[in-house]
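Chemist: Pasting a structure here, questions to come.
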Amino acid sequence: MTGPQWLSILTLAGMMALFVWDRFRYDVSAGIALLAAVALGVVKPADAFSGFSDDIVVIVGSALVISAAVQRSGKVELLLSLLAGRVRSAQSELVLLTGTVGFASALVKNVGALSMLMPAAVQMARRRGASPSLFLMPMSFASLLGGLMTLVGTSPNIIVSRVRMEMTGKPFGMFDYLPTGLGLLLVGLVFLRFSARFIPAGRAAAPQVAEALDVGAYITEASIPAGSAAAGETTRAFARRHGGELAIVGLVRNGTRGAVHPFARLREGDALILEGPPDVLHQAIARDRLTLKGKDRRVPEGSERDEIVVVEAVVTRGSVLVGKAAGRYFLHQRYGVNLIAISRAGERLDRKLAEIVLRAGDVVVLQGPGGILPQRLKDLGTLPLAERPIRLGQRSRGWLPLAILAAAMAATASGTVPVAIAFFAAAGAVVVAGTLPVRAAYEAIDWSILIMLGALIPVSDSLRTSGASQVLASGLAQLGALLPPWAAVGLILVAAMAVTPFLNNAATVLVVAPISAVFAHDLGYRPEAFLIATAVGAGCDFLTPIGHQCNTLVFGPGGYRFSDYARLGAPLSALVLLVGTPLILLVWPVR
């Protein structure tokens, strides 16, 4: 082995040690590894930042933007809420949640699909009086399996496609992963359905800042337009259809306020005064296409191009709003902001928003142009609460984000447009079409992941340019020559699954994929099965909360301990190995 080959291996070993040590965040560790590689001469200075222009970075960043637009549309969540009303048992709800997040992860990045459906899971658990831990970890694992089905579902699939392109001149297509990914997802869903004894269902969620605020139910006002599902049903049926978490506390018909009783029948044009948590109110308004009071008023002159934002704020003692009703104070005309909802501790409000006299301590939801809203909060004497996601009053473009996503996937599946171009264009389209504000698009991008990818690509490529991957693969080939094909593929699958809990899944593929490809070549096998095994192994980190963002995302809300992951994840990992190895060989023969 030559000096440059040793230096390349030592650089990667040092990088892996930094990841395991966890003293620095993974993008910082990747940057240190890149600088070390340049200093040691492993990576040429001219190639140091070549990774940031790689298609992988463009595809991952674009997929995150598209995922945010689909999440903002609320359509997947709306579909889930429609189906949730038809299930009764906790096991059925678990199947519904894991199945939905699994198949959604094939369309958008799995972390986006999971974050989109987590609020619905928490609401289901709350209605059942159970801990969210009953649902969240199985949903995370289902999202990892679902991401294996398409090119854009998870980063490892994108990376192994690039490696195949370098080796054979042909990348993996959008749906080349579908047979193995779908098979593993279905097997995983069955396992999760019958694995109740492995699920840590009694965990208490970690306390959040938003929970410490203890904001109660909000009051908002919305009218029933023509064609709404609410028209013609009773108030009791309306509340039941929305899970019993919101109530109609006031009804205004033809300008006259009427009594609300369980059998009052709703009509088109009725103005409903609704009470409930903001997420439940948002879902009900979106599901029934209700018109939120004041949502679509014209913005002040000069703010037409500003993003419309929604913020929670508390009315202080010195606020100009104290003792005034929003309607009589002409809040929109004077300040250019809309009052969307009100919450008052210890009192049920049942009047129209414009008629409620505000008090100090009331929590209000205000909507307005982002360029003027901070100053308006100050002018009104209100204090913004700690930031938390609140969608009530946010504008949505319905099915347009899903249509844009479908067009991008169709273009790449047909081979007419390269994946990077198609998804970059789709990310731009959701912003230009107004389905995702520019600021939200930038916030949706996980810049630490992109920086890590950009830094690690030239470092991992040094294995190939120095010939170190050839040497390592040749050593593995001597062992592999004694093994049947299924054992050789299983060896790569196990290696990737063993490494990814300590690295990031993308970092695992960047290191293991080149070695597995050369390993296959030295054995005289086609590389596809080994590359797919690498992607599956790296994408299936079920053992720790740190190997994949999905597991980290549910760690706090589920109140899990570190050891909880192996309790459910170890048998699932064994199942993936037992089912995945023959399935990969069935779809991708090695000869």
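Chemist: Report the gain in length on full extension from TYR442 to SER92: 0.36 nm times residue separation, minus Cα-Cα distance, nm rounded to one decimal. If you can, show how the numbers build up before the last one.
Modeler: Working: separation 350, 0.36 × 350 = 126.00 nm, distance 3.69 nm.
Net length gain for the segment: 122.3 nm.
Chemist: What is the sum of charges, Lys and Arg at +1 and Asp and Glu at -1, for the other residues whose Cβ falls under 15 Å from the Cβ of ALA477? Present the calculation step by step, with values, prior to reporting the outcome.
Modeler: Details: positive: ARG526; negative: ASP522.
Surrounding charge for ALA477 is 0.
Chemist: Dividing the alpha-carbon radius of gyration of the stretch 538-591 by 2.2 N^0.38 Å (N being the number of residues), what value is obtained?
Modeler: Taking the Cα Rg and dividing by 2.2 N^0.38 Å, one obtains 1.40.
Chemist: Which Cα, out of LEU373, SER143, GLY454, lies furthest along the positive dipole direction of the chain (beta carbon charges, K/R +1, D/E -1)?
Modeler: It is LEU373, whose Cα lies furthest towards the positive end.
Chemist: Moving to a separate point now. What does the charge dipole of the stretch 412-541 about its Cα centre add up to, to the nearest 20 debye, if the Cβ of each Lys and Arg holds +1 and the Cβ of each Asp and Glu holds -1? The partial results should precede the final answer.
Modeler: On the way: 3 positive and 6 negative charges, 22 e Å.
Roughly 100 debye, rounded to the nearest 20.
Chemist: Assigning unit charges at the beta carbon (Lys, Arg +1; Asp, Glu -1) and nothing else, what dipole magnitude in debye, to the nearest 20, does the stretch 1-71 show about its Cα centre?
Modeler: Numbers: 3 positive and 5 negative charges, 37 e Å.
Dipole of the stretch 1-71, to the nearest 20 debye: 180 debye.
Chemist: Calculate the dipole size of the chain relative to its Cα centre from +1 charges on Lys and Arg beta carbons and -1 charges on Asp and Glu beta carbons; express the result in debye to the nearest 20.
Modeler: Computed charge dipole of the chain: roughly 1760 debye.
Chemist: Taking square-rooted eigenvalues a ≥ b ≥ c of the alpha carbon gyration tensor, is the stretch 396-448 rounded, prolate or oblate, where a/c under 1.5 means rounded and, failing that, a/b exceeding b/c means prolate? Could you put the intermediate results ahead of the total?
Modeler: On the way: a/c = 2.65, a/b = 1.39, b/c = 1.91.
Cα axes put the stretch 396-448 in the oblate bin.
Chemist: Another question about this same structure. Show me the ranking of peptides 523-532, 322-331, 62-71 by mean Cβ neighbours inside 10 Å, starting with the highest. Don't skip to the answer; put the middle values down first.
Modeler: Working: 523-532: 22.5, 322-331: 16.3, 62-71: 26.0.
Listed from highest to lowest mean packing, they are 62-71, 523-532, 322-331.
Chemist: Moving on. Could you tell me what percent of the accessible area of the chain is made up of carbon and sulfur, with a 1.4 Å probe and every protein chain present?
Modeler: Details: 15120 of 24770 Å².
For the chain, the apolar C and S fraction of the accessible surface comes to 61 percent.
Chemist: Okay, moving on. List the residues whose amide H sits under 5 Å from the amide H of GLY250, counting only those 5 or more places along or on another chain, with H placed 1.01 Å from N in the peptide plane.
Modeler: For GLY250, the qualifying residues are ILE273.
Chemist: Further, regarding this structure: Is any residue of the stretch 524-545 close enough, with backbone N under 19 Å, to a label point placed 7 angstrom from the Cα of LYS170 along the Cα-Cβ axis, and if so, which?
Modeler: Zone members listed by number: 524-533.
Chemist: Sort 438-450, 556-568, 252-264 by packing, meaning the average of other beta carbons within 10 Å per residue, with the highest value first. Before the final figure, lay out each step's value.
Modeler: Numbers: 438-450: 15.8, 556-568: 18.2, 252-264: 11.2.
Listed from highest to lowest mean packing, they are 556-568, 438-450, 252-264.
Chemist: Taking amide H positions as placed in the peptide plane 1.01 Å from N, state which residues far from LYS324 in sequence (5 or more) or on other chains have amide H under 5 Å from it.
Modeler: Here LEU358 satisfy the definition.
Chemist: What does the helix-only formula give at 222 nm for the chain: each DSSP H stretch with n ≥ 4 adding -39500 (n - 2.57), the total divided by the residues, and the result rounded to the nearest 500 deg cm²/dmol? The partial results should precede the final answer.
Modeler: Details: 25 runs with 325 residues, N = 591.
Result for the chain, helices only: -17500 deg cm²/dmol.
Chemist: For LYS109, go through the lysines and keep the ones whose alpha-carbon is under 22 Å away, minus same-chain ones fewer than eight residues off.
Modeler: Hits, sequence-local ones excluded: LYS75.
Chemist: Something else about it: P(r) for the stretch 475-555, please, calculated from all Cα pair distances in 5 Å bins and given in %.
Modeler: 3, 18, 27, 21, 14, 9, 5, 2, 1
Chemist: Now for a separate question. With a/c under 1.5 counting as rounded, go ahead and sort the stretch 457-591 into rounded, prolate or oblate using the C-alpha gyration tensor (a ≥ b ≥ c being the square roots of the eigenvalues; past the cut-off, prolate if a/b is larger than b/c, else oblate).
Modeler: Values: a/c = 2.65, a/b = 1.55, b/c = 1.71.
Oblate, since a/c reaches 1.5 and b/c is not below a/b.
Chemist: Using 0.36 nm per residue, how much length does the chain from THR416 to ALA570 gain when fully extended, once their Cα-Cα distance is taken away?
Modeler: Numbers: separation 154, 0.36 × 154 = 55.44 nm, distance 4.14 nm.
Length difference between fully extended and current span is 51.3 nm.
Chemist: A follow-up question, please. How many nm separate the modelled label positions at ARG317 and VAL494, each set 7 Å beyond the Cα in the direction of the Cβ?
Modeler: 7.0
Chemist: While we're looking at this one, here's another question. Hydropathy at least -1.0 by Kyte-Doolittle, axial extent at least 30 angstrom from the Cα trace: which helices of the chain, defined as entire DSSP H runs, fit? Intermediate results must be reported in sequence, preceding the final value.
Modeler: Values: long enough: 562-587 (35 Å, 1.54).
Membrane-span-like by this criterion, though nothing is claimed about a membrane: 562-587.
Chemist: Restricted to Cα positions, what overall size does the stretch 1-137 have along the principal axes? Three whole-Å values, descending.
Modeler: 65, 29, 24
Chemist: So, one more: So, for the chain, what is the accessible surface per residue at a probe of 1.4 Å, expressed in square angstrom? Don't skip to the answer; put the middle values down first.
Modeler: On the way: 24770 Å² over 591 residues.
I get 42 Å² per residue for the chain.
Chemist: Here's a follow-up. With a Förster radius of 60 Å, plug the Cβ-Cβ distance of ALA229 and ALA481 into 1/(1 + (r/R0)^6) and report the FRET value to the nearest 0.05.
Modeler: Numbers: r = 65 Å, r/R0 = 1.08.
Calculated value: 0.40.
Chemist: All other residues with a Cβ under 14 Å from the Cβ of ARG127 taken together, and with Lys, Arg as +1 and Asp, Glu as -1, what is their net charge?
Modeler: Working: positive: ARG88, ARG126, ARG128, ARG240, ARG241; negative: GLU93, GLU245, ASP279.
Around ARG127, the surrounding residues sum to +2.
The values are calculated or read from the model by the stated rules, or taken from the named source; none is laboratory data. All figures in this text were calculated on a predicted structure; none of them were measured in a lab. For neighbour counting, all protein chains shown are included, and Cβ atoms are generated from backbone atoms with ideal geometry for every residue, glycine included. SASA here: full protein model, heavy atoms, side chains in, ligands and nucleic acids out. Shrake-Rupley method; radii C 1.70, N 1.55, O 1.52, S 1.80 Å.
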